[in-house]
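Okay, structure first, notes after.
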Amino acid sequence: MIGLLALRNIVLKPWRSALLLLGYSLGVAVMVVLLSIGEALLAQARDEKLVGGGDITVLPEGIDVEVLKTGGLGGMFFSIDHARFIYAQLLAAPRLRPFVEAAAPQIEGKLLYARTPSGREIPVLASGEIPSRSAAVGAAPSIAQGTWADDAADIAWRDPQPDQLRQVIDHFHLPPAESRHDPSWAEWHYFNVLSSDNKRWAFVSFIVAGEVPSGRWGGQVLVTLHEQGGASRRFVATVPPNAVRFSTTRADIALGNSSVTVLADGRYAVRAYARDERGRDSVKVNLVVTPAPGAYFPGGALSSGETVSGYVVPALRAGAVGSICVDSQCEQFENAQAYHDHNWGVWRGVTWEWGASRAGAYTVLYGRVQPADSAVASQPLFVYVVDSLGFLAVFRPREIHYEDGRVVHVGDREIHVPSRGTMIDVRGDDTLRVELTIDDAAATDTRQPDIERGEGLAARGLERPYFIQMKGRMRLSGRVGGKPITGDGAGFFETYR
């Protein structure tokens, strides 16, 4: 009966029947295509080689693997910040060698623009990888002809020589367009060195500041010598622009006859000459600073409103040899505790918390930058911990709690400064407790020009105008990766009052 009705319907109304048959066929075809696409996506999800090889694919937070594989718009623009650091200090680090056989950095489907000789720009999708690393994770492509091997750039990326690493992370900068004529722009190399008895120390800064590269700007060498419980001595050399030499691709700088030079083996040769700002004495610094392998912070940049701030620590743990002489009296250093960082940015209204210290087998860096347009210190501090194998952990304590049990004098004013400080954080199963004990502190009024640590050529207008530099000891305790950590050592700390 059903067959007879269908036949009569086709005979009586053939066009309507043909249209219905066509619609049904299209629906079936679409369903077949969708099922085929779903099957292909499932096959891709099961095949790690289609997303880079190996057993685990590391992507930025928020990136969907399916979007990446299917070439969606969300997969075109992502990047992993500090990919070189993540590769060297995390994925391919000595700490993970028992668990990670090989790691391979890869870029898939990156949107680029190729420019023709006539100036026309053509959008292209590009991929990039390091041949030896891709082969190590089983993702090397088949080569139809010729060879495909690591070139010099590949080798420098995956296994940089110490001097190459310094040049990449420690080079100088030009102010961005929005800060080109801001007189509070400053950039500097900073070194500190501590005597073997922990009683004497020196801060050495090589500063370029002002309206760089055109306008009113120049260089400055600042050397401050401290003795625990005694007065500090400050030496200054001001250098005109035509005697300043720095590079946006290298860490080397020359300010008159003072200089910082990265040697072929990655050590820093530090030469500084300056005169006592209140007398006739002069200081001569002649040091070679040797960073410990893996003990560096790759850097970060902050941009908030008119604030631009960058920071990198090429030598979080280092040793220094050489001498510091005031006229004919010299102090010799032999593998003395040392440290080096590099700062740049616009400093009007900016304050910070900062500290770097050894703690037994560990070295700790902590800090927070407070921009001028932020009413309260809303961001937590970061605490960065390294050991002999390099990066170990990062913690984010909300605050550092000070006890202002010391008093220093600035002119005729008494300033209460910290005698102790404490930071605590818990991140999953990892815990951290940092205790600071202050042995010595000095305060500087930032409303005066030429302040230590490169605080600019212009008044900064701070609500807390006194810059506090402290020397003391750090005690570290806690647990990382199921193992206890503990240590004690000397370091330097900074805050504002």
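The values are calculated or read from the model by the stated rules, or taken from the named source; none is laboratory data. Everything quoted here is computed from the prediction, not taken from an experiment. As a convention, Cβ positions derive from the backbone with ideal geometry for all residues, glycine included, and neighbour counts pool all protein chains shown.
Restricting attention to the stretch 141-167, which residues are buried (at least 17 other Cβ atoms within 10 Å of the Cβ) and among the hydrophobic types (A, V, I, L, M, F, W, C)?
Residues satisfying the conditions are 157, 165.
Determine, yes or no, whether residue 311 is aromatic (Phe, Trp, Tyr), in contact (Cβ under 8 Å) with a residue 60 or more places away in the chain and in the same structural domain as residue 247 (by TED's automatic domain parsing). Give the steps one after another, and end with the answer.
Working: aromatic (Phe, Trp, Tyr): yes; in contact (Cβ under 8 Å) with a residue 60 or more places away in the chain: no; in the same structural domain as residue 247 (by TED's automatic domain parsing): yes.
It is false that residue 311 is aromatic (Phe, Trp, Tyr), in contact (Cβ under 8 Å) with a residue 60 or more places away in the chain and in the same structural domain as residue 247 (by TED's automatic domain parsing).
Return only the number of the condition from (1) in contact (Cβ under 8 Å) with a residue 12 or more places away in the chain; (2) in contact with a Leu (Cβ under 9 Å, 6 or more places away or on another chain) that residue 256 does not satisfy.
Failed condition: (2).
Is there a residue in the stretch 143-163 that is of a type in the set (A, V, I, L, M), more than 23 Å from the chain's Cα centre (by Cα), not in a loop (DSSP other than H, G, I, E, B) and not assigned by TED's automatic domain parsing to the domain that holds residue 101? Before the answer, list the steps.
First pass over the stretch 143-163, keeping only residues of a type in the set (A, V, I, L, M): 143-144, 149, 152-153, 155-156.
Subset that is more than 23 Å from the chain's Cα centre (by Cα): 143-144, 149, 152.
Pick out the ones that are also not in a loop (DSSP other than H, G, I, E, B) and you get 152.
Pick out the ones that are also not assigned by TED's automatic domain parsing to the domain that holds residue 101 and you get none.
No, the stretch 143-163 contains no residue that is of a type in the set (A, V, I, L, M), more than 23 Å from the chain's Cα centre (by Cα), not in a loop (DSSP other than H, G, I, E, B) and not assigned by TED's automatic domain parsing to the domain that holds residue 101.
Could you please let me know if residue 247 is surrounded by fewer than 17 Cβ atoms within 10 Å (Cβ to Cβ) and without any contact (Cβ under 8 Å) to a residue 60 or more places away in the chain?
On the way: surrounded by fewer than 17 Cβ atoms within 10 Å (Cβ to Cβ): yes; without any contact (Cβ under 8 Å) to a residue 60 or more places away in the chain: no.
Judged against the criteria, residue 247 is not a match.
Name every residue in the stretch 408-433 that is of a type outside the set (A, V, I, L, M, F, W, C) and without any contact (Cβ under 8 Å) to a residue 40 or more places away in the chain, in order of residue number.
From the stretch 408-433, those of a type outside the set (A, V, I, L, M, F, W, C) are 409, 411-414, 416, 418-422, 425, 427-431, 433; that's our starting set.
Across the stretch 408-433, the qualifying residues are 409, 411, 412, 413, 414, 419, 420, 422, 427, 428.
Just give me the residues in the stretch 304-337 being at pLDDT below 95, under 16 Å from residue 223 (Cα atoms) and outside any loop (DSSP other than H, G, I, E, B), in sequence order.
329
Report, by residue number, each residue of the stretch 205-249 that is within 25 Å of residue 280 (Cβ to Cβ) and either hydroxyl-bearing (Ser, Thr, Tyr) or touching a Pro at 6+ places or on another chain (Cβ under 9 Å) (or both). Steps first, answer last, please.
At the first step, the residues of the stretch 205-249 found to be within 25 Å of residue 280 (Cβ to Cβ) are 205-207, 218-227, 230-240, 243.
Residues satisfying the conditions are 205, 218, 219, 224, 232, 238.
Looking at residue 135, is it part of a helix (DSSP H, G or I), outside the structural domain of residue 341 (by TED's automatic domain parsing) and within 23 Å of the chain's Cα centre (by Cα)?
It is false that residue 135 is part of a helix (DSSP H, G or I), outside the structural domain of residue 341 (by TED's automatic domain parsing) and within 23 Å of the chain's Cα centre (by Cα).
Restricted to the stretch 210-225, and to residues that are surrounded by fewer than 23 Cβ atoms within 10 Å (Cβ to Cβ) and in a strand (DSSP E or B), which residue is farthest from the chain's Cα centre (by Cα)?
225
Taking the stretch 195-252 as the search range and keeping residues that are polar (S, T, N, Q) and more than 23 Å from residue 327 (Cα to Cα), which one is modelled with the lowest pLDDT?
214
Is it the case, given these coordinates, that residue 364 is among the β-branched types (Val, Ile, Thr), at pLDDT below 95 and surrounded by 15 or more Cβ atoms within 10 Å (Cβ to Cβ)?
Values: among the β-branched types (Val, Ile, Thr): yes; at pLDDT below 95: no; surrounded by 15 or more Cβ atoms within 10 Å (Cβ to Cβ): yes.
So residue 364 does not fit the description; no.
Give the stretch 148-198 a look and list any residue that's among the polar types (S, T, N, Q) and under 23 Å from residue 217 (Cβ atoms), or say none.
Residues satisfying the conditions are 179, 184.
Those residues that are surrounded by fewer than 22 Cβ atoms within 10 Å (Cβ to Cβ), farther than 17 Å from residue 354 by Cβ and aliphatic (A, V, I, L, M), I need them from the stretch 296-335; list them, please.
Of everything in the stretch 296-335, those that are surrounded by fewer than 22 Cβ atoms within 10 Å (Cβ to Cβ), farther than 17 Å from residue 354 by Cβ and aliphatic (A, V, I, L, M) turn out to be 321, 326.
Checking the condition modelled with pLDDT of 65 or more, out of contact with any His (no Cβ under 8 Å at 6 or more places or on another chain), over 30 Å from residue 136 (Cα atoms) and not assigned by TED's automatic domain parsing to the domain that holds residue 131, which residue from 35, 59, 7 passes?
Testing whether each residue is modelled with pLDDT of 65 or more, out of contact with any His (no Cβ under 8 Å at 6 or more places or on another chain), over 30 Å from residue 136 (Cα atoms) and not assigned by TED's automatic domain parsing to the domain that holds residue 131 leaves just 35.
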